[in-house]
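Peer 1: One structure, as structure tokens, below. Some questions next.
Every number here is computed from the coordinates shown, using simple stated rules; none is lab data. No experiment lies behind these values; they were computed from the predicted model shown. Reconstructed Cβ throughout: ideal geometry from the backbone, glycine too, with neighbour counts over all protein chains shown.
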């Protein structure tokens, strides 16, 4: 059996190869994260804001004076509760959205800012926030409390 020495070219070559593999893996992972919103819900089964929808949502304040004519682009909800979020504007850098929230505490709805990062991390009775995959952009006036 050959005795290995720390300056052995074969060992150095293997270490360099392994380091390149690790660096390649990290780069691929980072690039994948850059290309996606990376807001899966807390149980990691659904992407709350796919790029295809994110591109359509206007920036914060873009629909500020439209009132009920404001367009809603995204509907998020808690399947086992009575919380629903209708998203009208979004800041991708801060992951902050603006929209109307309906809940048992506010059945008439309330306009305000929403942290999508916090929503993505939220679990209620082991159930995570989900995106309504069948929701089509619509005017805010048509978005009512689904629990009433």
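Peer 1: For the pair residue 82 and residue 54, what calculated FRET efficiency results from E = 1/(1 + (r/R0)^6), where r is the Cβ-Cβ distance and R0 = 30 Å, to the nearest 0.05?
Peer 2: 0.70
Peer 1: Report the gain in length on full extension from residue 126 to residue 142: 0.36 nm times residue separation, minus Cα-Cα distance, nm rounded to one decimal.
Peer 2: Full-extension gain reported as 2.7 nm.
Peer 1: Now for a different question. If the chain between residue 91 and residue 66 were fully stretched, how many nm would it gain, using 0.36 nm times the residue separation less the Cα-Cα distance? Display every interim value, and only then the final one.
Peer 2: Values: separation 25, 0.36 × 25 = 9.00 nm, distance 1.84 nm.
Length gained, residue 91 through residue 66: 7.2 nm.
Peer 1: Defining a contact as two alpha carbons under 8 Å apart and six or more residues distant in sequence, what relative contact order in percent does the stretch 47-129 show?
Peer 2: 24 percent
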